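Inspection log for the structure reproduced underneath, given as structure tokens.
The values are calculated or read from the model by the stated rules, or taken from the named source; none is laboratory data. Values in this document were obtained by computation on a predicted structure and should not be read as measured data. Cβ atoms come from the backbone with ideal geometry, glycine included; neighbour counts cover every protein chain shown.
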Amino acid sequence: MAQMNKWILLLMSIIIILPGCWGSNEVDKIGIVVGLGIDYVGGDSPILLTAQVVDPGAMESQDDSGPFFVITSEGRTFFDAIQNFTRHYPRRLIFSHNKVIVMGGKYAEKDVTEVIDYIDRDREFRENIWVLTAAGAAKEVIQTELAIETLPTIGIHIIMKEIQRTAFANPIQYYDFSNRMKGEMEVSAVPLITIVDRESKVNEQLAKSGEPVERTAFTTNKEISLEQTSIFKNRKKIGTIDQNASRGLLWLRNKLNGGTVIITGNTEEAVSVQITEGKTTITPVVNGDQVSMTIDCEGVATIREVEDDSDLGDPKVISDLKKQLEEQLTARIRQVIEIAQQELKTDFVGFGQHLYNKQPEEWRRLNDRWEEIFPEIAYEINVDITIESVGLITNFD
């Protein structure tokens, strides 16, 4: 809620600034877009845009209708749909404060070239916008009221910043997405967002445990889930990877800044381990047309919770936990590489980029045949995690 209040104050500050730019009457003639959804609906106007808009006038007047609302527009192209907003909303839309772009499932599977081309040319869109894909319609994501944040797109913006620290997904901003889509490999990984009925799920679990709970009328039950990642190739979505593979991808991309791993103690009860540091080095080895990769991962972890009587002062116990942790992380990395090589046959894990960075001459020699070479690349994974803190608790019995 504190984060939300901060953004509301920011938007109010924008209102104060705007009159100085456009005159005192202009504030009633604009709408500030803070989130944009893109869907493919077919027909003569196949592009459907959904915008979350802040009404500066409503924020000044404290109108009971609220300062935020959603509008939609259809068009033959992305640009056409942008222009058609004026048919439904007789104010100038300001996109320079937009925080999020969500691509609907069907749109992402088509071709995202036109949206990249438009945003690259339009200086009003900022390069640090978060890019996401939706499991279903982007419109649902943009217009859904969430449990805490009444403005979904600002809530998403806050969550995307947070998951950079907690390592739940692969957040990506527009400048990175655009560069990857226009790059030599034309591959990218984008978080997949779903709207879940959290209250119903929790109540169902409680009912199964013998503790039924009735739904409360005042509870907003919608929440955001960011457990999966969409994979793009040639500017189209070609597949999805799950949460474990997504975390493995974070290791391969050297973007792991945190995260929790659950392993087991001496009685098979859960032990929660927090990764506090992570670093990955990938070294390509080329022998003729044979390419291999050595993947070295180093990290630091802290034991945060133990549900059994494991003696954390015993070096053997710590050694066993360390081994389990390293095996689980190795499995996640192996899983995402296997998906890339065997299922999607697409180098979204970045092997080609590492070869280009470290042996550019070899990359130029093999580049034209990389799609044939990549699925056959052998690799070795070495994970070394240091458990620095075990959070020892004195037994007072």
Among residues belonging to region 236-258 that are part of a strand (DSSP E or B) and either more than 14 Å from the chain's Cα centre (by Cα) or of a type in the set (Lys, Arg) (or both), point out the one that is nearest to ILE339 (Cα to Cα). GLY239
Would you confirm whether any residue within region 274-282 is outside the structural domain of VAL112 (by TED's automatic domain parsing), hydroxyl-bearing (Ser, Thr, Tyr) and modelled with pLDDT of 90 or more? yes
Pairs, please: C-beta under 6 Å, at least 6 apart or cross-chain, first residue within 20 Å of TYR379 (Cα to Cα) and in region 291-313, second among the charged types (D, E, K, R)? THR294/GLU380; GLU298/LYS279; GLU298/ASP384; GLY299/GLU277
Would you be able to say whether some residue in region 373-380 is in contact with a Ser or Thr (Cβ under 7 Å, 6 or more places away or on another chain), assigned by TED's automatic domain parsing to the domain that holds ALA270 and either part of a helix (DSSP H, G or I) or of a type in the set (Val, Ile, Thr) (or both)? yes
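Taking GLY75, is it assigned by TED's automatic domain parsing to the domain that holds LYS99, at pLDDT below 95 and either at positive phi or of a type outside the set (Val, Ile, Thr) (or both)?
no
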Answer yes if at least one residue in region 341-354 is assigned to a helix (DSSP H, G or I), in contact with an Asp or Glu (Cβ under 7 Å, 6 or more places away or on another chain) and either surrounded by 19 or more Cβ atoms within 10 Å (Cβ to Cβ) or free of Cβ contacts under 8 Å to residues at least 12 places away in the same chain (or both), and no otherwise. no
Looking only at region 307-330, and only at residues there that are outside any helix (DSSP H, G or I) and among the small types (Gly, Ala, Ser), the one that is surrounded by the most Cβ atoms within 10 Å (Cβ to Cβ): SER310
Answer with yes or no whether GLU184 is modelled with pLDDT under 80, assigned to a loop (DSSP other than H, G, I, E, B) and among the acidic types (Asp, Glu). no
